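Data first, discussion second: the structure below is written as structure tokens.
The values are calculated or read from the model by the stated rules, or taken from the named source; none is laboratory data. This structure is a prediction, so every number in the text was calculated from the model and none was measured. Quick reminder, even Gly has a Cβ in these numbers, built from the backbone with ideal geometry, and neighbours come from all protein chains shown. These accessible areas exclude ligands, DNA and RNA; they are computed on the full protein's heavy atoms, side chains included. Shrake-Rupley method; radii C 1.70, N 1.55, O 1.52, S 1.80 Å.
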Amino acid sequence: MHDEACATYEDMIENMALGHSFIQDNFKVSPRIGWSIDPFGHSSTNARLFAEMGFDAVFFARADYQDKKKRVRQESLEYVWRPSSGSLGTDVEIFTHILWDHYNRPAGFGFDVLDYEEEGVWHAENAQKLMAVIDERARHYRTDEILVLFGDDFQYMQADQNFAQMDNMIEYMNSKHGDKYNFMYSTPSQYIDAINKYNVTWPTKYDDGFPYSDKANSYWTGYFTSRPNFKQYVRRASQSFRASSSLFAQRVIAHDLRAKELNDIILANYALQDPLAIAQHHDAVSGTSREGVVADYQTRLFNGME
């Protein structure tokens, strides 16, 4: 999940390319959804890149609190984002979904080892609380599909406990309230496929999601300039990686490489790409990364350059 405010567009592309390569190599899957739930504000540049990468939609959590309140009232938490419309018109656009309650599970429904107290128990009181949550959300979306996340930071530390309780929840809710809702496991892509069946005219957004503020007088813009030394490292690393990539491409085009030489150059290029990706993560460039990550990045990066 790359940063969107303190990164160049080249960094965004390289970071996504590395992630896609990993997913394709290990799972033989091409991602359809941009899952950018935690960057501190969202750029129209990133929306454009996701659209041009072929994503069907982007999901995120952090939207300015005033904008989000307005969107809740206007049933516009989901919209078509059309960046660069002045030059690209409607050729580049992406469906966008703002998560209801940050990226948290509904209050009182923590199933993990850190906050769960009633293992294996599901009863009418829980069901009524969950129905109230879903009924409230249903009032503010334009289709009958409701996306509810389960989890949070540091959740699924004991995954079997989470899924066992969700199994209980789904079974109980469908038996008691299946006449109103069908409860099921889902994914963002399945959700997008479901809402595409509705004939809905979506609102449109054209601009950036900056500056981001999560409450009154609490703007997150300080990280644009925080830790300038580390941001310099990222820029220098990006320049070196692009130079390396260019030289690599020229050697390949020249067709004068033996298999071992080609493999050595590929591995050297990846040696730069991996630590650079760590630095491009939104918690790194933004200035909240831990010193250990920074030190590890510096060591791996500059050893690779040598």
Notebook entry, point to check: Sorted by average packing, counted as other Cβ atoms within 10 angstrom per residue and highest first, what order do 161-170, 1-10, 135-144 take?
Noted result: 1-10, 161-170, 135-144
Note to self: Along the Cα→Cβ direction, 7 angstrom out, place labels at residue 143 and residue 226. What is the inter-label distance in nm?
What the structure shows: 3.7
Check: Counting alpha carbon pairs within less than 8 Å and at least 6 residues apart, what relative contact order, in whole percent, applies to the chain?
Finding: 23
Next item on the list: Tally the DSSP beta bridges in the chain and give the antiparallel ones as a percent, rounded to 5.
Entry: 45
Check: Given (i) 24.6, 87; (ii) 18.1, 54; (iii) 22.2, 72, which label gives Rg and Dmax of the Cα atoms in Å as computed from the coordinates?
Finding: (iii)
Item checked: For residue 3, net neighbour charge (Lys/Arg +1, Asp/Glu -1) across residues whose Cβ lies under 11 Å away -> -3
Check: Which distance in nm do the two modelled labels at residue 218 and residue 53 give, with both placed 7 Å along the Cα-to-Cβ direction?
Finding: 2.9
Checklist line | Hull volume in cubic angstrom per residue (convex hull over the Cα atoms of the stretch 92-173) | finding: 123
Notebook entry, point to check: What is the packing order of peptides 90-97, 45-52, taking the mean over residues of other C-beta atoms within 10 Å and listing the highest first?
Noted result: 45-52, 90-97
Next item on the list: Convert each backbone phi in the stretch 97-113 into a coupling constant with the Karplus relation 6.51 cos²θ - 1.76 cosθ + 1.60 (shift: θ = phi - 60°), then list the ³J(HN,Hα) values in order as whole Hz, x for Gly and Pro.
Entry: 10, 8, 5, 5, 10, 6, 10, 9, 6, x, 4, x, 10, x, 9, 8, 4
Next item on the list: May I ask you to give the percent of accessible area on the chain that is carbon plus sulfur, with a probe radius of 1.4 Å?
Entry: 51
Notebook entry, point to check: Rounded if a/c is under 1.5, else prolate if a/b is larger than b/c, else oblate: which is the stretch 33-165, with a ≥ b ≥ c the root eigenvalues of its Cα gyration tensor?
Noted result: prolate
Item checked: the stretch 160-253: trypsin sites (Lys or Arg not before Pro) in DSSP loop, at most 13 other beta carbons within 10 Å -> 180, 197, 215
Note to self: Taking the solvent-accessible surface of protein heavy atoms with a 1.4 Å probe, what is the per residue accessible area of the stretch 1-129 in Å²?
What the structure shows: 47
Margin query: Relative contact order of the stretch 62-102, please, whole-number percent, based on alpha carbon pairs below 8 angstrom and at least 6 residues apart.
Written below: 39
